[in-house]
1. What is the extension gain from residue 547 to residue 457, computed as 0.36 nm multiplied by their sequence separation minus the C-alpha to C-alpha distance, in nm to one decimal?
2. Just subtract the alpha-carbon distance of residue 281 and residue 540 from 0.36 nm times their residue separation and send over the number in nm, one decimal.
3. When a footprinting reagent is the concern and you count Cβ atoms within 10 Å, what order do 86, 544 take, fewest first?
4. How much length would be gained if the chain were fully extended between residue 322 and residue 263, taking 0.36 nm per residue of separation minus their Cα-Cα distance, in nm to one decimal?
5. How many nm is it between the label spots at residue 116 and residue 525, if each spot is 7 Å from the Cα in line with the beta carbon?
6. Go through 515-525, 478-488 and give me the packing order, highest mean Cβ count within 10 Å leading.
7. May I ask you to order 283-295, 499-511 by the average number of other C-beta atoms within 10 Å around their residues, highest value first?
8. What's the percent breakdown of Cα-Cα distances in the stretch 230-357 across 5 Å bins, shortest bin first?
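Rule-based calculations on the coordinates, nothing more; no lab input. Being a predicted model, the structure only gives us computed values, none of them experimental. Neighbour counts run over all protein chains shown; Cβ positions are idealised from the backbone, glycine included.
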């Protein structure tokens, strides 16, 4: 009869382990096949029962958590946290023992108490003791500044500030203000009496140090809170608001774009008020920079204001300008600027006028590029030479040593190399690195590019047990609180050594926390760990959405990865939304023209809807640029209209690599390179039979 030993059960039943312990001194127990099957079935049943109990408990606790939030939100909204409400809240919290967000539940009650001025010191200290590593620790440790200041317990406040640094501007002023009040009492300062008798206020070494601290804060702060009012008045009475300090503050406000505070800044000195008026005019109208420089007195603050305004002034100029730096040199002489500042102005000025076409300007521009030797100008000139199909060797040689080491310029240096062996040698060195240009180097060698591959050690159960943050993150994701989960995740990653960072990122990858895995690789600078950087996210939905579309799954995923890093809730400054960063107007138009549903902006934060519309838009672009991922990606980023302009400029004369390098927009150029590299990496990671770096339809055509 077929038999198995008890060892066969060790992997399926915790009960079996206890049986092994008890039978150490007994003969080996064996079971027939039906007995083994029965025990396995029993073990599975027990495991399933425990799993169901755990899931049920989690759901019950989740519902209690939601009920608590609803209860407390209502109380805060009504500005009333009664004893009965607190009792109900505490009852709900008691049901959350072991729940991953138990800390958040207790914080919600404490925060409600704080907001309604019902929190006691014991409430706060109890929370801090129970959760010493809480993400709310910083917020709580800042509360005593307000409480002690309101109680006018100034000695206690100063003592506390020596243990905990004040973070907010208001708390900094509370500490300074408390210090001033104590010193004023000690020195018997009476500002009103001193002013009435036309006496200079008293001061001593400690007070002088306090005034210096305040002055530093005053210089960099647009608007100070009321807690600093008395100290500010005393500082002014002691002659702190000097002409130099006013000018220094004006510079800081100009740099911070603090328009209202800059306009409100004033002096008792009419001449200084005139200077301030000119600064405000320059802030509002950058084109008045020539007037400002002509009329201003020479001082370090006028120099700084002119430097800050220069970039804004450049934007007011037409891009077709006359050659020559005479105006800039005149300004530099008038303001007594140093040579590096003038040099930077020349570089910026030349960059602004760069595309001028008159022969006189072109000759002057090229001579200045050679003289200035600034890599940003030289690189732009190389790109121009590429699309104009003129010699690049001269400009490549002009790059700094650091610039010459960039993969892009190593590639073009190799292409210029007439010695075949030297050319191959450069390309072979490049293919050992990561990115778009190593792919191009492999293409030139006729080889298949193999990006670096690095293994990661998995997180052990013992290590996971020491990281309760992972359970918190899991629950936050389950509750779709992605922003909070991300904050928790970033804090966790930053707290770990790199080897453990990678194991934790692998854990996120295995849990299909796509956005967090990618964010983790960014935080850990783990750029060679491609499988962690490029998870096979939403694979089924991409397959469904791409059915009968001429777009590959890996290309669509590469677009989504570049657009959002798999963050389903991301929203750009331009109002692009979701995984594939669609504008609502584009989404609505795409949906309408393709008979797809679209019910408004919120649809774009739903992964399936976003993928459905994003891949449909890619298919639309494919109709315009058939089977050409490079042009489709460029159009997805910059718009098809601009791509058509670039194609018209190049007039079917450029090779694939030249066209990519000559894309005028820095963002779009990098976007295209990343998408094509990601697509290829995805093909390798998803084990496609014949990964393709570049399609024949892309590589062989002229642009």
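1. This chain segment gains 28.7 nm when fully extended.
2. Once the chain is fully extended between residue 281 and residue 540, it gains 87.4 nm.
3. Placing the least packed residue first, the sequence is 544, 86.
4. Full extension from residue 322 to residue 263 adds 17.7 nm.
5. Calculated label separation equals 4.9 nm.
6. Sorting 515-525, 478-488 by mean packing, highest first, produces 515-525, 478-488.
7. By packing density, highest mean first, the sequence is 499-511, 283-295.
8. 2, 10, 19, 21, 18, 12, 8, 5, 3, 2, 1, 0, 0
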